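S.K.: Let me begin by handing over the structure; questions about it come next.
Only the coordinates and a few stated rules stand behind these numbers; no lab work does. Quick caveat, the model's predicted, so the values are computed rather than measured. FYI the Cβ positions are ideal-geometry reconstructions off the backbone, even for glycines, and counts take in every protein chain you see.
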Amino acid sequence: MQYPVRRTLRPEDARRSNLALVLQTVKTTPRLSRADLARETGLTKVTIGDLVAELIAADLVRETGTSDTSRPGKPSTLLELNDGGRDVLAMDLSARDRLRGAVVSLAGEPLVRLTRPLDGAVGDAAFDAVRALAAELVAAATNPILGLGVGTPGTVDRLGTVLSAPNLHWSDVPLRELLLADLDLPVLVENDANAAVLAERRIAGGPDDLVRVQLSRGVGAGLLIGGRLVHGAASDAGEIGHVTIDNDAPRCGCGKIGCLETWASVPALNARIAENPERRDEFLGDAGHRLGRALAPVVAMLGLQRIVVGGPSDIVTDPLLNAARDLIVERTRSEFRPALELTASPLGEDAVLLGAADLVLLSELGVS
């Protein structure tokens, strides 16, 4: 996720923060009056009046009826998010065989979905497919576009450059800069697992401290601590796919032997299952066991209580989840720690898309 340069707080920054606070409150709790907003936010009624007028003029908030007329006094005008005031574009590049895109409302609801085959394209061919899908999404939007969010596999720096995505054969690809030149729109680029963990917390009500593992063409993890994404000094926090688990494994695409990805990525698992379908549960349990070995030190160090695993529904099943949970509990058992929750994501394949849209909402409007 891209970050602004730090600067001294100015009056316009305080106003932007207050606008975000009011918009977030309206988004979270619709049908509030201006007086309700003043009570909820702690801002004065005069300030609320000015901020609401600005949000209405920007087509971000709209008036929607009045309060209960059976009560004494003049009915209050109620407010709600104008979810059609802007469209947000989102892209998910995490799958091996396809690209997914969506036009999303301000409320976070997908309005249009597009899926385009990737057919194993890598390098420049993969970028050309991404560029074409972005253009299709722009054409599909029917409201002013707030921006484009992209969830991509690999290590992504704070400028939106994909430093390394071995499965796409990308190295130092300035993805944000290239898409920005094409679209002339705000563009946010984030690692796919990081994007997904944002959606997990907002939609599924995950805790402030949360790990979400993404099983796709690779294996990655998004980590929230105190509700904030952890990127690490080199922007590679959560890149667990290339942690060495065993030496008795095929060589990974990165060149090493024994990477978690060679056991637990979707292509690796599908290949094993295709060769011996009758051993499906065994292979999934084996992958879960190795995933647990990678996650156990993280759970012990950070005292985590919740892990969510996302990926295809035929892969993220009980044999994999139970094996991972059992291994982590075995290696981190503490009489003081509540039972570990390790579950499949309820968001299905939409987690990265919805998280990519959240990136734009957070960056452009300060809301989630």
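S.K.: Shape of segment 11-81 from its Cα gyration tensor (a ≥ b ≥ c, root eigenvalues): rounded if a/c is under 1.5, otherwise prolate when a/b > b/c, or oblate? Please list the in-between numbers first.
M.R.: Values: a/c = 2.13, a/b = 1.69, b/c = 1.26.
Taking the square roots of the gyration eigenvalues as a ≥ b ≥ c, segment 11-81 is prolate.
S.K.: What is the projected area of the convex hull of the Cα atoms of segment 205-350, averaged over all directions, in nm²?
M.R.: Working: hull surface 36.2 nm².
Projected area, direction-averaged: 9.1 nm².
S.K.: I'd like the distance separating the alpha-carbon centroids of segment 165-231 and segment 11-64, in whole Å.
M.R.: Between the Cα centres of segment 165-231 and segment 11-64 lies a distance of 29 Å.
S.K.: How many nm separate the modelled label positions at ARG31 and THR77, each set 7 Å beyond the Cα in the direction of the Cβ?
M.R.: That separation, rounded to one decimal, is 1.9 nm.
S.K.: Tell me the relative contact order for segment 248-364 as a rounded percent, counting alpha carbon contacts under 8 Å between residues six or more apart.
M.R.: Values: 133 pairs, mean separation 27.2, N = 117.
Relative contact order here is 23 percent.
S.K.: Ranking request for peptides 112-123, 323-334: highest mean number of other beta-carbon atoms within 10 Å first, then the rest in descending order.
M.R.: Numbers: 112-123: 13.8, 323-334: 17.3.
Averaged packing, sorted descending, gives the order 323-334, 112-123.
S.K.: Report the calculated FRET efficiency for THR44 and LEU302 (r = Cβ-Cβ distance, R0 = 45 Å), to the nearest 0.05.
M.R.: Numbers: r = 41 Å, r/R0 = 0.90.
The pair THR44/LEU302 has a calculated efficiency of 0.65.
S.K.: Just to confirm a number: summing +1 for Lys and Arg and -1 for Asp and Glu over residues other than GLY253 whose beta-carbon lies under 14 angstrom from that of GLY253, what do you get?
M.R.: That works out to +2.
S.K.: Going by average Cβ neighbours within 10 Å, how do the peptides 146-152, 342-348 rank, with the highest at the top?
M.R.: Working: 146-152: 27.1, 342-348: 17.6.
Per-residue Cβ counts within 10 Å, averaged per peptide and sorted highest first, yield 146-152, 342-348.
S.K.: Now for a separate question. Add +1 for every Lys or Arg and -1 for every Asp or Glu among the other residues with Cβ under 12 Å from the Cβ of VAL316, and state the total. Present the calculation step by step, with values, prior to reporting the outcome.
M.R.: Values: positive: ARG212; negative: ASP314, ASP318, GLU349.
Charge balance near VAL316 sits at -2.
S.K.: Ok, one more. From the phi angles alone, apply the Karplus equation (6.51, -1.76, 1.60; θ = phi - 60°) to segment 281-287 and give each ³J(HN,Hα) in whole Hz, x where the residue is Gly or Pro.
M.R.: 4, 4, 5, 5, x, 5, 5
S.K.: Would you grab the residues whose amide H sits under 5 Å from the one on VAL243? Only those 5+ places off in sequence or on another chain, please, with H modelled 1.01 Å from N.
M.R.: For VAL243, whose amide H was placed from the backbone, the distant partners under 5 Å are LEU260, GLU261.
S.K.: Classify segment 120-253 from the C-alpha gyration tensor, please: rounded if a/c falls under 1.5, else prolate or oblate depending on whether a/b exceeds b/c.
M.R.: On the way: a/c = 2.01, a/b = 1.23, b/c = 1.63.
Note, shape of segment 120-253 comes out oblate.
S.K.: Return the FRET efficiency for the residue pair GLU282, GLU177: r is the Cβ-Cβ distance, R0 is 41 Å, and the value is rounded to the nearest 0.05. Could the numbers behind the result be given before it?
M.R.: Numbers: r = 46 Å, r/R0 = 1.11.
My answer for the efficiency is 0.35.
S.K.: To the nearest 20 debye, what is the magnitude of the charge dipole of segment 74-156 about its Cα centre, counting +1 on the Cβ of each Lys and Arg and -1 on the Cβ of each Asp and Glu?
M.R.: Numbers: 8 positive and 10 negative charges, 27 e Å.
Dipole about the Cα centre, nearest 20: 120 debye.
S.K.: Also: Rounded to the nearest 500, what is the chain's calculated 222 nm mean residue ellipticity when only DSSP H runs of at least 4 contribute -39500 (n - 2.57) each, over all residues?
M.R.: Numbers: 11 runs with 146 residues, N = 368.
Calculated from helices alone, the mean residue ellipticity at 222 nm is -12500 deg cm²/dmol.
S.K.: Under a 5 Å amide H to amide H cut-off, with H placed in plane at 1.01 Å, what residues pair with ASN191 once short-range neighbours are removed?
M.R.: So ASN191 has HN proximity to THR152, VAL156.
S.K.: May I pose another question? May I ask you to evaluate 6.51 cos²θ - 1.76 cosθ + 1.60, the Karplus curve with θ = phi - 60°, for each residue of segment 31-39 and list the ³J(HN,Hα) values in order in whole Hz, giving x for glycine and proline?
M.R.: For segment 31-39, the Karplus curve yields 6, 9, 8, 4, 5, 4, 4, 4, 5 Hz.
S.K.: Hey, which aspartates and glutamates would be in cross-link range of LYS256, C-alpha to C-alpha under 16 Å, not counting anything within fewer than 8 residues on its own chain?
M.R.: Candidates past the 8-residue exclusion: GLU239, ASP246, ASP248.
S.K.: Taking a ≥ b ≥ c as the square roots of the eigenvalues of the Cα gyration tensor of the chain, is the shape rounded (a/c under 1.5), prolate (a/b larger than b/c) or oblate? Before the final figure, lay out the partial values.
M.R.: On the way: a/c = 2.15, a/b = 1.61, b/c = 1.33.
Verdict is prolate for the chain.
S.K.: Using a 10 Å cut-off on Cβ atoms, rank the peptides 161-172, 96-107 from the highest mean neighbour count down.
M.R.: Details: 161-172: 18.7, 96-107: 20.6.
So the order, starting with the most tightly packed, is 96-107, 161-172.
S.K.: Summing +1 for each Lys or Arg and -1 for each Asp or Glu, what net charge is found among the other residues whose Cβ lies under 11 Å from the Cβ of GLY227?
M.R.: Numbers: positive: ARG201, ARG202, ARG228; negative: ASP208, ASP209.
Around GLY227, the surrounding residues sum to +1.
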